[in-house]
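See structure below.
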Amino acid sequence: MSTPTLEQTQRLLWKLITAPEGAASGLAQLSAAERDLAASLIGGDARLAAIDRVEVYADMYFYRIRDCLKEDFAAVCAVVGEAHFHNLITDYLLAHPPSHFSLRYAGRHLPEYLERYALARQWPCVADLARLEWAIVDVFDAPDVTPIGAAELAAVPQEQWPEVRFQLTPALRVLRLQWPVHTVWQQVQQGEPPADPVPGETTLRVWRQDLRVFHRPVDAAEAAALEAVAHGESFASVCGRVGELLGEAAGAERVAQLLESWFADGLITGCCAGDAQR
Amino acid sequence: MELPFLGFGVGLRTTHYTHILDTSPAVDWFEVISENFMVPGGRPLHILERVRSRYPIVLHGVSLSIGSTDPLNREYLSRLRDLACRVAPAWISDHLCWTGVGGHNLHDLLPLPYTEEAVRHVAERVRQVQDALGRRILLENVSTYLEYQHSTMPEWEFLRAVVEQADCGILLDVNNIFVSAFNHGFSSSAYLQAIPVERVHQFHLAGHSDRGAYLHDTHDHPVPDGVWALYAEAVRRFGAVSTLVEWDDHIPEFPVVHAEALRARRLTETIVHVHPDARADTTVAVEADHGA
């Protein structure tokens, strides 16, 4: 057999290391030609056979990523239990082997993957719970943009307010969910056994302020207002959206309250009326 | 390749952030895992800049994948360069290994076959990386658990050939030599003797686990006696080299890790003269950069 090229060597080893049942099982599933190549590739000795040496790497691959995802999705793991989580990650890695250079992104497809995964039949809230946990990971190291205070808005002439548009911090996510999973997250954080939540449409905002990540449920008016602002709609338009839910007068009052809380939480990073950027 | 002697440092780990920022321990320098800080913003970069304002730092990567047959990841290099501009590390290092292929990342340090093909491949890529970063890098020998039957030279010859063809430096991990020497039955002393003195700019020290049939580079123990003995041998050959203690799992309180770095200093001082002002203080430089 001719000497394997570097690329052949790496591709074969990758197959063995990522085989879901371990390197020995992966070896058995190779084509005859690949098995011949594998047999000629790795040296073994009486102390440790060649395939057991590959198995060291296979174990490290799986457990390193599983442990990382267990940290990122601690509440999901607490809900489904260690054994189910282990199997989940085994299956997930087959569907989504890591491609980013940083382990930080290894879990980016897990919320979506969980939607169609068998565990979601037994624990239907886990996909939403994973969405919350991934939003927390995402917001934690989102770009730094200094928030502005209410004084910046006050400096805009009042007649221009209807046309004012706000910029939201990149460290904000608004999640529209089918389950109030923040209650489950809280239970896990407090070391309590997670209880099955009652299904119910829930909108959570997840944001970072002063390097700390927070999240809390928001009502329909705040959800609509945040989405309108995120889409670049004007102050008047945002008031209109909230007014559709609460009535015109109550809507304007509610938007004023929301703006106050968004400034306080550091969600607003700029406002502009026309061409003026603040 | 002129690099400062930084003294005896410790790997920066999240569990120690509060202790370090609250007490400013008298550690000479910190090494940080580059990828942990190649993020858009938030706490990691905030902490790193605070640490950097007090200590010299070195960027140590785990994902360069210098030996992969995939194309070099230009986005990775661009972000690494940005991070280096931001924190002005004393140097940048990564591992002589491959970490993925076919667009997939194994998040592990895989050994290369020790062949002429691999030497040429890696050396060419190191040169490209050094061009992209605008500086020379250090390559670290990794712990290995397997060897390829088509290797045509021992690991130390491979390492030497790569760094000489690429014109880069070496981060010599003493624990990794110890681990690989056990796992493959070679002489760790022969390894040290084959490494060109002028290329070595940093040592790593760490603990490992004994799995019976093999040693595992787990970084979850104090530095074992055998590794200390090999370190002493390395100091006799290479002199006083910037030394860094790694501890990545079951991490104890900071003073326990720092004590290992202080032990390395004492051991080095019994063998060679260490300048009393060993810590090369590049702190001022980064503050000036930020002010510019």
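What list do you get for B:1, A:60, B:153, B:38 if you sort them by fewest beta carbons within 10 Å? Provide the component values of the computation, followed by the final result.
Numbers: B:1 13, A:60 20, B:153 16, B:38 23.
By the 10 Å Cβ count, ascending: B:1, B:153, A:60, B:38.
Roughly what % antiparallel, to the nearest 5, for the DSSP beta bridges in the protein assembly as shown? Please list the in-between numbers first.
On the way: 26 of 51 bridges.
That works out to approximately 50 percent antiparallel.
Say R0 is 56 Å: what FRET efficiency, to the nearest 0.05, do residue A:244 and residue A:24 get from their beta-carbon distance?
So, using R0 = 56 Å, E works out to roughly 0.35.
About the Cα centre of region A:196-278, how large is the charge dipole given +1 on each Lys and Arg Cβ and -1 on each Asp and Glu Cβ? Please answer in debye to the nearest 20.
300 debye
So between residue A:264 and residue A:31, what do we pick up on full extension, going 0.36 nm a residue minus the alpha carbon distance?
77.7 nm
Using only alpha-carbon positions, what ratio does the radius of gyration of region B:76-179 give when scaled by 2.2 N^0.38 Å?
In units of the globular-protein estimate, region B:76-179 measures up at 1.09.
Suppose every K and R has +1 on its Cβ and every D and E has -1 on its Cβ; what is the size of the dipole of chain A about the Cα centre, in Debye to the nearest 20?
For chain A, the charge dipole is close to 640 debye.
Give me the net charge of residue B:165's neighbourhood, meaning all other residues with Cβ under 14 Å from the Cβ of residue B:165; Lys, Arg count +1, Asp, Glu -1. Working shown, then result.
On the way: positive: B:120, B:125, B:127, B:136, B:160, B:199; negative: B:116, B:117, B:124, B:157, B:164, B:167.
Net local charge, residue B:165 excluded: 0.
At a temperature of 25 °C and a viscosity of 0.890 mPa s, determine how fast region A:6-123 diffuses translationally according to Stokes-Einstein, using the Kirkwood radius over alpha-carbon pairs as Rh; express D in µm²/s, rounded to the nearest whole number. Mind showing how you got there, number by number?
On the way: Rh = 15.6 Å.
Rounded, D is 157 µm²/s.
Which of these, A:115, A:233, A:253, has the largest mean-square fluctuation under a Gaussian network model of chain A (Cα springs below 10 Å)?
A:253
Once a ≥ b ≥ c are taken as the square roots of the eigenvalues of the Cα gyration tensor of region B:110-245, is the result rounded (a/c under 1.5), prolate (a/b larger than b/c) or oblate (a/b not larger than b/c)?
It comes out oblate by the Cα gyration axes.
Could you compute how fast chain B diffuses translationally, taking Rh as the Kirkwood radius over C-alpha pairs and applying Stokes-Einstein at 4 °C with viscosity 1.567 mPa s? Give it in µm² per second. Let's see the in-between values first.
Values: Rh = 19.3 Å.
Value of D from the Cα-based Kirkwood radius: 67 µm²/s.
When only alpha-carbon atoms are used, what values of Rg and Dmax, in angstrom, describe chain A?
25.3, 85
Report the antiparallel proportion of the DSSP beta bridges in region B:158-272 as a percent, rounded to a multiple of 5.
Looking only at bridges with both residues in region B:158-272, the antiparallel portion is about 20 percent.
Residues with amide H under 5 Å of residue A:271's amide H, sequence separation 5 or more or different chain, H placed in the peptide plane at 1.01 Å from N; which?
Under 5 Å from the amide H of residue A:271 lie the amide H atoms of A:167, A:278, each far enough along the sequence or on another chain.
Quick check: convex hull over the Cα atoms of the protein assembly as shown, volume per residue in Å³, rounded to an integer?
Measuring per residue, one finds 173 Å³ for the Cα hull of the protein assembly as shown.
Using a 10 angstrom cutoff on alpha carbons, build the Gaussian network for chain B and name the most mobile of B:109, B:139, B:171.
B:109
With the crude spin-label approximation of a point 7 Å out along Cα→Cβ, what separation in nm comes out for residue A:49 versus residue B:270?
Taking the two extended label points, one gets 4.5 nm.
Which value in nm describes the separation of the simple spin-label points at residue B:193 and residue A:219, placed 7 Å from the Cα toward the beta carbon?
8.1 nm
To the nearest Å, what is the center-to-center distance of region B:1-72 and region A:1-64, using C-alpha atoms only?
Result: 34 Å between the Cα centres.
Under the classification rounded if a/c is under 1.5, otherwise prolate if a/b is larger than b/c and oblate if not, where does region A:140-277 fall, given a ≥ b ≥ c as square roots of the Cα gyration tensor eigenvalues?
It comes out oblate by the Cα gyration axes.
Kindly write out, for region A:143-150 in residue order, the coupling ³J(HN,Hα) from the Karplus curve 6.51 cos²θ - 1.76 cosθ + 1.60 (θ = phi - 60°), rounded to whole Hz, with x marking Gly and Pro.
Values, residue by residue: x, 7, 9, 5, x, 9, x, 4 Hz.
First measure r as the distance between the Cβ atoms of residue A:86 and residue B:221, then evaluate 1/(1 + (r/R0)^6) with R0 = 25 Å and state the FRET efficiency to the nearest 0.05.
Computed FRET efficiency for residue A:86 and residue B:221 comes out at 0.45.
Given H placed on each backbone N at 1.01 Å, which residues far from residue A:202 in sequence or on other chains put an amide H within less than 5 Å of it?
Answer set, sorted by chain and number: A:177, A:178, A:179.
For residue A:24, what charge total do you get from the other residues with a beta carbon under 10 Å from its beta carbon, if Lys and Arg give +1 and Asp and Glu give -1?
-3
Mind giving me the FRET efficiency for residue B:86 and residue A:178? R0 is 41 Å, r the Cβ-Cβ distance, nearest 0.05 is fine.
Using R0 = 41 Å, I get an efficiency of 0.50.
Net charge around residue A:257, counting only other residues with Cβ within less than 13 Å of its Cβ (Lys, Arg = +1; Asp, Glu = -1)?
Values: positive: A:254; negative: A:219, A:222, A:253, A:260, A:265.
Residues near residue A:257 contribute -4 overall.
Given +1 on the Cβ of Lys and Arg, -1 on the Cβ of Asp and Glu, and no further charges, what dipole in debye does chain B carry about its Cα centre, rounded to the nearest 20? Let's see the in-between values first.
Details: 23 positive and 38 negative charges, 98 e Å.
With only Lys, Arg, Asp and Glu charged at Cβ, the dipole is about 460 debye.
If you average the C-alpha positions of region B:216-230 and of region A:228-278 separately, how far apart do those two centres end up, in angstrom?
So the separation of the two Cα centres works out to 59 Å.
Per-residue Cβ counts within 10 Å, from other chains only, averaged over A:8-20: what number is that?
Taking all residues of A:8-20 together, the mean is 4.
Through the Karplus equation 6.51 cos²θ - 1.76 cosθ + 1.60, θ set to phi - 60°, convert the phi angles of region A:218-226 into ³J(HN,Hα) values in whole Hz; use x for Gly and Pro.
Listing the rounded values in order: 10, 7, 4, 5, 5, 4, 5, 5, 5 Hz.
Which whole-Hz couplings ³J(HN,Hα) result when phi for each residue of region A:195-202 is put into the Karplus expression 6.51 cos²θ - 1.76 cosθ + 1.60, θ = phi - 60°, listed in order with x for Gly and Pro?
Karplus values, whole Hz, x for Gly and Pro: 9, 5, x, 7, x, x, 4, 9.
FYI, it's all coordinate maths here, none of it is from the lab. Remember, predicted model here, so these are calculated numbers, not experimental data. Here the Cβ is made from the backbone with ideal geometry for all residues, glycine too, and neighbour counts use every protein chain on show.
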